[in-house]
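Input: a single structure, listed below in structure tokens.
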Amino acid sequence: MQEVYRSGFIAVVGRPNVGKSTLINALIGSHIAITSSRPETTRKAIRGVMTTENAQIVLVDTPGIHRPRTLLGQRLNDIVDESLSEADAIAFLLPADQEIGPGDKRILSRLRSQFATKLDDGGFKWKVPLIGIVTKIDELNRTQLVDKLIEINEFADFTEIVPVSALQQDNLDEVRQVLIDAMPEGPKMYPDDQLTEESPEEDIAELVRGAFLEELDDELPHSLAVVVDAIEYPDDEESQEEGDFDAPATPKPKAQVHVSVYVERDSQKPIIIGRKAEHLVRVKKKLRTPINRIVGCKANLDMHVKVAKGWQSDPKKLERLGF
Ligand SMILES: Nc1nc2c(ncn2[C@@H]2O[C@H](COP(=O)(O)OP(=O)(O)OP(=O)(O)O)[C@@H](O)[C@H]2O)c(=O)[nH]1
Ligand SMILES: [Mg+2]
């Protein structure tokens, strides 16, 4: 008997910093979403496509759910709601190395109000499968892990609970299988080699933001926003010109990628740029190969650092920055 093909969307949710993006990258086997040790790294719903022989799942990475302090924070929570509304299943991530806290309880009650109906016996019936994923299990020993799993089992009526370490690639196959089993029967939606739904502009903007996050410490990363204003591809005719053989070989023209890096205050500009522009130089160097790959030819990264005063709380500026 032939196995059915399954497909659908899974919203990956949880508090900030629990390892959502890292897990999605590990499941897909490619660095499609930026990750960092600071909370509130992810700012948009990035869709990663995981294709196996008998299933295709769109894993929707979401911003960590938190109490918003700015308009940006509210927008990020709205993005989570949108992602949930299209989900065929929910993966709720809880880190093994931290206690279940008020943040997790808030997330659970929000999920219940949207996806569960209360039963007479006080329990809940879920409209979509709710999968509990216990992340960062490399931080615990066996006994601690068993206790943790018991605790998480008591916390909510999960359809399934599965432990994982994305960093150490431990139990990833099991996670994949649990996610596939939660999907409805459905057709393949994307070609086998498509890993994300992002445009080149979106991909590059995230790469640049990720590279700056690695360069900078402390509070500044929260103030950063990156927009790719334009990608100018080299004129096809020019670059394919057969040319006359006597003329000296001219180097192929490069694509130009115009990027604006926004900060919130004037005083942050020199920090982003660095002494003798060291941050800009390093970010450019680090991103040369990945950006060439995205653009499809050699590309020049043209970066400008700009100030959008208090953009995190300004509706107009947020809109211009894509929120
Ligand atoms: N020890 C350990 N650390 C992990 C694991 N997975 C992720 N981390 C670390 O946890 C931190 C946060 O990871 P992210 O994947 O960015 O977390 P996130 O949930 O996407 O965070 P936000 O986007 O801010 O909500 C990073 O420093 C990761 O390296 C894991 O399996 N084990
Ligand atoms: Mg993330």
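The values are calculated or read from the model by the stated rules, or taken from the named source; none is laboratory data. Keep in mind that this is a model prediction, so the values were computed, not measured. All Cβ positions, even for glycine, are placed from backbone atoms using ideal geometry, and neighbour counts span all protein chains on display.
I need the full set of residues from region 12-26 which are in contact with a Lys or Arg (Cβ under 8 Å, 6 or more places away or on another chain) and either among the polar types (S, T, N, Q) or more than 7 Å from ligand 1 (Cβ to nearest atom) (or both), in order please. Result: 12, 13, 17. Counting residues in region 67-76 that are closer than 29 Å to residue 294 by Cα and touching a helix residue (DSSP H, G or I) at 6+ places or on another chain (Cβ under 7 Å) gives one or more. Taken over region 129-154, the criterion of being more than 16 Å from ligand 1 (Cβ to nearest atom) and under 26 Å from the mean Cα position of the chain (by Cα) is satisfied by 129, 130. Among the residues making up region 27-42, those that are within 8 Å of ligand 1 (Cβ to nearest atom) and either within 12 Å of the chain's Cα centre (by Cα) or β-branched (Val, Ile, Thr) (or both) are 33, 34, 35, 36, 40, 41, 42. For region 18-50, a residue qualifies if it is within 8 Å of ligand 2 (Cβ to nearest atom) and either part of a strand (DSSP E or B) or in contact with a Pro (Cβ under 6 Å, 6 or more places away or on another chain) (or both), and exactly one does: 42. Annotation note: of 136, 105, the sole residue that is buried (at least 18 other Cβ atoms within 10 Å of the Cβ) and either outside the structural domain of residue 40 (by the TED database) or of a type in the set (D, E, K, R) (or both) is 136. Of the numbered criteria (1) in a loop (DSSP other than H, G, I, E, B); (2) within 14 Å of residue 156 (Cα to Cα), the one residue 97 fails is (2).
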